[in-house]
Structure formats: structure tokens, C-alpha cells
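The values are calculated or read from the model by the stated rules, or taken from the named source; none is laboratory data. Since the model is a prediction, treat every value here as computed from it, not as a measurement. Here the Cβ is made from the backbone with ideal geometry for all residues, glycine too, and neighbour counts use every protein chain on show.
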Amino acid sequence: MIRRYLRNLQSGPIAPQLRRFVAVGIVAASVQMVLLWAFVDRAGFHYLASAVVAIEITIVLSYVLNNAWTFRASRNTGPVEYVVGLLKTNIVRGTAIPIQIGALGLLVEWQSVPYLLANGAAIAISGIYRYVLDARWTWG
């Protein structure tokens, strides 16, 4: 599965779309990491609660960027269609939150991985799930 995913980044019918999705994901993950750091180290909030808030903010950011660039051929353009797409991506990505938060918590609490490094790994773990559902349902 991972080999196929990596091969599809390089060639294949969905390669350009998948590369754009990954690029948007890197931007969103970077924003999420900065937000998580600010909430935990600057504001003093618990890392898991902070992660949930940071994830939701980046869900909206990811939708805006993916709708405009990654899935531009099938983008949601009208006001109602745009809001419905935002709701769909919130459902897709909302169902990925337990995956990401679970991986984050396990890595921090059981493996003593620093929370920012663990969050990066958790983002990667839930990324394939998010792509498949977004590509097929939100913009499919």
C-alpha cells in the first residue's frame, strides 16, 4: 500500500493531484505544528487538547487550499456547494482526528517521543486515510 502510494506520487493517472495534496498537507502540517507549539509552550495548554484545536484550524485551511488547487478540476464553486464541501471535509478529517490524537498520545505517553515529533508522525499516519476519503467523497 505504501509502495503504491509512493509510486503514484511519481507517475500514474493521479500523480499530479496526489503531489498537490501532499504539498497542501505539508503546508497544513507546518501550520498545525506551529499552532500546537504555541498552544502548548506559549499558552500552557495540554498537548492533546491543543492538537484537537490545531487540527480543526488546519482542516479549514486544507479545504481552502485543496479546493482551489489540488481538486481544481472538480472544485466546489457555488456558495452552497462550497459549504457542503467544507462540511464533507470536516466529516472526513474529523473522523481522522481520533487516529491522529490516538497515535500522538501513544507515542508521547508510551514511547516518550517529544510531542511535536510525535505529532508529525501522527499526521503522516492519518494522511493516507484523509486523502482516500477526501478524493472519493469530498471532491469525488
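Things to note:
- Residue list for segment 82-95, restricted to those being within 17 Å of Ala49 (Cβ to Cβ) and either of a type in the set (Ser, Thr, Tyr) or buried (at least 17 other Cβ atoms within 10 Å of the Cβ) (or both): none
- Filter result for the condition that a residue is more than 27 Å from Pro16 (Cα to Cα) and either modelled with pLDDT under 90 or among the aliphatic types (A, V, I, L, M) (or both), over Ala96, Ala135, Ala122, Ala54: Ala54
- In a residue-by-residue description of segment 120-137, the property of being surrounded by fewer than 14 Cβ atoms within 10 Å (Cβ to Cβ) and over 25 Å from Ile14 (Cα atoms) applies to no position.
- The criterion of at least 1 residues that are over 26 Å from Arg136 (Cβ atoms) is met, among helices (runs of 4 or more DSSP H) falling completely within segment 1-118, by 15-37, 47-65, 79-111.
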